[in-house]
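What follows is calculated from the coordinates using simple rules that are stated; it is not laboratory data. Here the structure is a predicted model, which means the values were calculated and not measured. Reconstructed Cβ throughout: ideal geometry from the backbone, glycine too, with neighbour counts over all protein chains shown.
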Amino acid sequence: MKHFIADTLHLLLRHIRATLRLPIWIAVSLVQPVIWLTLFGQLFGRVADLPGFGGGSYIAFLTPGVVAMTALFGSAWSGIGIVEDINNGVMDRLLATPVHRGALIAARVLHAALTVAIQTVIVLALGIALGSGLPGGALGFVAVLLPAVLIAAGFSALSNGVALLTRREETLIAVINFFGMPLTFLSASFMSRDLMPGWMQVLSMGNPVNWAVVAAREAMLGRDWTSVWFNSALLAGFTLAACILATLAFRGYRRAG
């Protein structure tokens, strides 16, 4: 276990340094959720006046949705790094060392989760500045991080698993684009679940993005803490399943290699 933890931390530092060497990606990853929050908040602001929406500020409603979107799209590209390591021969060199095999995936998942945690803090701060408020208080602020980190870890693991199976950036990008937006719109990110068509309400019940949105929204508003923990537990199960799939994909890659 000590070997696994030490190797994971060393590899995590490697990924952090690689990110810091590309400041343009840091800027893009921070600017994009800011644009979502400001533009969507202005464009759909009157949606809160619809009967059945529940009233309140649309910015307060939207902010947790942007948190979930940021976590989804930020972590879904994690597998690109795996493909680059494979193509550049880095993965083969790592496998020739005594590094713990599980650390190769765990470090990337932790890197995605850490990045999303920082982005979440920024998005929440911007939402508060735009007038969302924070009825859930300091506990709600911290609790929003839980579903964001869990969904980031889950989709990062899935992304790495797909990358190991396909070993092609084009295929990974196609998969992300195919599933990314549908998962977002099949959640309560932009619209109250009560106003969604019936078939979308049914599909949203099994959507991890919707679990993250609901958990983050209830935590931020400080309303239904049971829902926060229940949806976070669902996300934990999703993340565990995704990590298992990524591990199996990694074993398949090693056997094929």
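Helix 23-43 versus the longest principal axis of the chain: what angle, 0 to 90°, nearest 10, using Cα atoms? On a 0 to 90 degree scale, this one is about 20. Applying 1/(1 + (r/R0)^6) with r as the Cβ-Cβ distance of Ala96 and Ala27 and R0 = 30 angstrom yields a FRET efficiency of 0.25. Mean sequence separation of contacting Cα pairs (under 8 Å, at least six apart), scaled by the length of the chain, corresponds to a relative contact order of 26 percent.
When only the Cβ of Lys, Arg, Asp and Glu is charged (+1, +1, -1, -1), the dipole of region 101-194 relative to its Cα centre reaches about 260 debye. Inter-label distance, Ala129 to Ser57: 1.4 nm, where each label sits 7 Å from its Cα along the C-beta direction. For the chain, the residue among His111, Ala148, Ile173 whose Cα projects farthest onto the positive side of the dipole built from Cβ charges is His111. Ordering Thr63, Thr19 by the number of other Cβ atoms within 10 Å of each residue's own Cβ, fewest first, gives Thr19, Thr63. By definition, a body whose alpha carbon gyration tensor gives a ≥ b ≥ c is oblate when a/c is 1.5 or more and a/b is not larger than b/c, and region 131-201 fits this oblate description. Under a point spin-label approximation (7 Å from Cα along Cα-to-Cβ), what is the His3-Ala256 distance to one decimal in nm? A separation of 2.7 nm, rounded to one decimal place. Taking the square roots of five times each eigenvalue of the Cα gyration tensor of region 206-257, the equivalent ellipsoid has semi-axes of 33, 8, 7 Å, listed largest first.
Within region 203-257, none of the chymotrypsin sites (Phe, Trp or Tyr not before Pro) combine a DSSP coil assignment with at most 13 other C-beta atoms in a 10 angstrom radius. The local environment of Asn88, defined by Cβ-Cβ distances under 13 Å, has a net charge of -2 under the rule Lys, Arg +1 and Asp, Glu -1. One decimal place: the segment Gln42-Phe185 gains 49.7 nm when fully extended, by the rule 0.36 nm per residue minus the C-alpha distance. Here is how the number arises for the chain: DSSP H runs of 4 or more residues each give -39500 (n - 2.57), the sum is divided by the residue count, and the result at 222 nm is -27000 deg cm²/dmol.
Taking other residues whose beta carbon is less than 14 angstrom from the beta carbon of Asp224, and scoring Lys, Arg as +1 and Asp, Glu as -1, yields +2. Computed from the C-beta positions of Ile244 and Asp49, the FRET efficiency with R₀ = 41 Å rounds to 0.35. The length gained by stretching the chain between Leu13 and Glu169 to full extension, at 0.36 nm per residue less their Cα-Cα distance, is 53.8 nm. Relative to the 2.2 N^0.38 Å rule of thumb, region 1-60 has a C-alpha radius of gyration ratio of 1.94.
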